[in-house]
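The block underneath contains the structure these notes are about, expressed in structure tokens.
The values are calculated or read from the model by the stated rules, or taken from the named source; none is laboratory data. The shown structure was predicted, so the numbers you read here are calculated from the model rather than taken from an experiment. Using ideal geometry, Cβ is built from the backbone for each residue, glycine included, and neighbour counts are taken over all protein chains shown. Calculation scope for accessible area: heavy atoms of the full protein, side chains included, ligands and nucleic acids excluded. Shrake-Rupley method; radii C 1.70, N 1.55, O 1.52, S 1.80 Å.
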Amino acid sequence: MKLRTRRVVLGVAVLGTALAALPALSQAQQAWPNKPIRLIVGFAPGGGTDIVARALAPRMTEILGQSIVIENRSGASGTIGADAVAKSAPDGYTLLMGHSNSNAIAPFVLPKVPYDAATDFSPITYVGYVPNVLVTHPSVPAKTVKELIDIAKKKPGGFTFASSGIGSTQHVAGELFERIAGIHLVHIPYRGSGQAVQDLLAGNVNMNFDTMPPVLPHIKSGGLRALAISTPLRLPQLPDVPTFAEVGINGFDVTNWYSVMGPKGMPKDMVDKINAAVLQAMNDPKVRTTLEAQGVQFGTFRTPEEFGKFIQAELAKYRKMIPELGIKAE
């Protein structure tokens, strides 16, 4: 009887310890975040993704009460940074500035992507998209898209275009432009928009199909010439720049979208809390003005579920488009 009694007492003690630990665990979960949060950007500093991330981070820091630390891990069309997040713990302390390159296009371009773009991430918040702008170095004699096409047809392979990497939206945009226009350009990939734009400004490449954030200041200063933009209507930031549709380039369906994502398996309450913080930051007048000045077009996907459906649609679109354009990593 004594042995049995001791076993019962021991069992009750173990159960009591386990039950006592439950409130502590719940409190720890409720205490998130209690340390700095890494927001990984898969591209070099100075590119569009980096600019958008740095616009959001200070306000998100204030809202969440912990520092949002930007960490640039560039290379392989953003997949190096995305892979780091996909393989991190789903504890809310490692997030990704999601991008159409790493999360929709790369899986169909690179021979091996170390994650499943459809299942290895937790969709949190869709931020918006920025249009692609066809910009040229001032040394290129064309002042319109028609003039550029006419000259390019006379010099097949005589013009180069930069991108932030093989399979990037800039690369896809350039290849799509070639196909629609019936011309041949030479693609020069870089490790990010910042490097690509610097070489374009130096005249080492002829043109780019970049996003607005890294090229807008140079368009306004005259360092680059803008010929067309990939929005349905002209933008107030560039009122004199026609849309691709206006100049006869129809079907130019390529945009750079930005988002906040995490590794798969994140608790729903944590995802919802981050989603609310991002949306609150985006609605801050100062942040919104900064993003709008960069040409960010805000989307209508407000919930993680809506954003998740958008990602699946983007994957389906590029699953079809990439093979048709013949884009693949060399």
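Given the residues Glu305, Glu324, which is the only one that is assigned to a helix (DSSP H, G or I), of a type in the set (Asp, Glu) and at pLDDT 95 or above? Reasoning before the result, please.
On the way: Glu324 fails: at pLDDT 95 or above.
Answer to the selection: Glu305.
Tell me yes or no: at least one residue of the range 241-249 is open to solvent by 10 Å² or more (accessible area, probe 1.4 Å) and under 21 Å from the mean Cα position of the chain (by Cα). Checked the range 241-249: no residue is open to solvent by 10 Å² or more (accessible area, probe 1.4 Å) and under 21 Å from the mean Cα position of the chain (by Cα). Scan the range 316-330 for residues that are touching a Lys or Arg at 6+ places or on another chain (Cβ under 9 Å) and within 8 Å of Phe108 (Cβ to Cβ) and the total you get is 1.
Within the bounds of the range 128-141, is there any residue that is out of contact with any strand residue (DSSP E or B) (no Cβ under 9 Å at 6 or more places or on another chain), modelled with pLDDT of 95 or more and open to solvent by 40 Å² or more (accessible area, probe 1.4 Å)? Walk me through how you get there before you give the answer.
The first filter runs over the range 128-141 and keeps only residues out of contact with any strand residue (DSSP E or B) (no Cβ under 9 Å at 6 or more places or on another chain), leaving 139, 141.
Now restrict to residues that are modelled with pLDDT of 95 or more: 139, 141.
Checking which are open to solvent by 40 Å² or more (accessible area, probe 1.4 Å) leaves us with 139, 141.
Yes: one or more hits.
Yes/no per residue for (1) touching a Lys or Arg at 6+ places or on another chain (Cβ under 6 Å); (2) within 22 Å of Thr303 (Cα to Cα):
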{"residue": "Ala57", "(1), (2)": "no, yes"}
{"residue": "Gly78", "(1), (2)": "no, no"}
{"residue": "Ala82", "(1), (2)": "no, yes"}
{"residue": "Thr94", "(1), (2)": "yes, yes"}
{"residue": "Pro107", "(1), (2)": "no, no"}
{"residue": "Thr125", "(1), (2)": "no, yes"}
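Got a number for residues in the range 252-278 being closer than 26 Å to Gly46 by Cβ and not in a loop (DSSP other than H, G, I, E, B)?
Total meeting the criteria: 10.
The conditions of being farther than 18 Å from Ile40 by Cβ, over 11 Å from the mean Cα position of the chain (by Cα) and of a type in the set (Lys, Arg) are not met by Arg54.
Please verify whether Arg234 is in a helix (DSSP H, G or I) and not aromatic (Phe, Trp, Tyr), treating the condition exactly as stated. Against the criterion (in a helix (DSSP H, G or I) and not aromatic (Phe, Trp, Tyr)), Arg234 does not qualify.
Only one of these is open to solvent by 10 Å² or more (accessible area, probe 1.4 Å) and in a strand (DSSP E or B): Ile80, Ile63, Ile70. Name it.
Within the list Ile80, Ile63, Ile70, the selection yields Ile70.
Restricting the range 84-118 to residues that are among the hydroxyl-bearing types (Ser, Thr, Tyr) and within 17 Å of the chain's Cα centre (by Cα), which is surrounded by the most Cβ atoms within 10 Å (Cβ to Cβ)? It comes out as Ser102. Residues in the range 277-298 that are closer than 19 Å to Lys309 by Cα and exposed (fewer than 14 other Cβ atoms within 10 Å of the Cβ): none.
Here the condition is being buried (at least 24 other Cβ atoms within 10 Å of the Cβ), farther than 17 Å from Ser74 by Cα and touching a helix residue (DSSP H, G or I) at 6+ places or on another chain (Cβ under 6 Å); of Ala228, Ala162, it holds for Ala228 alone.
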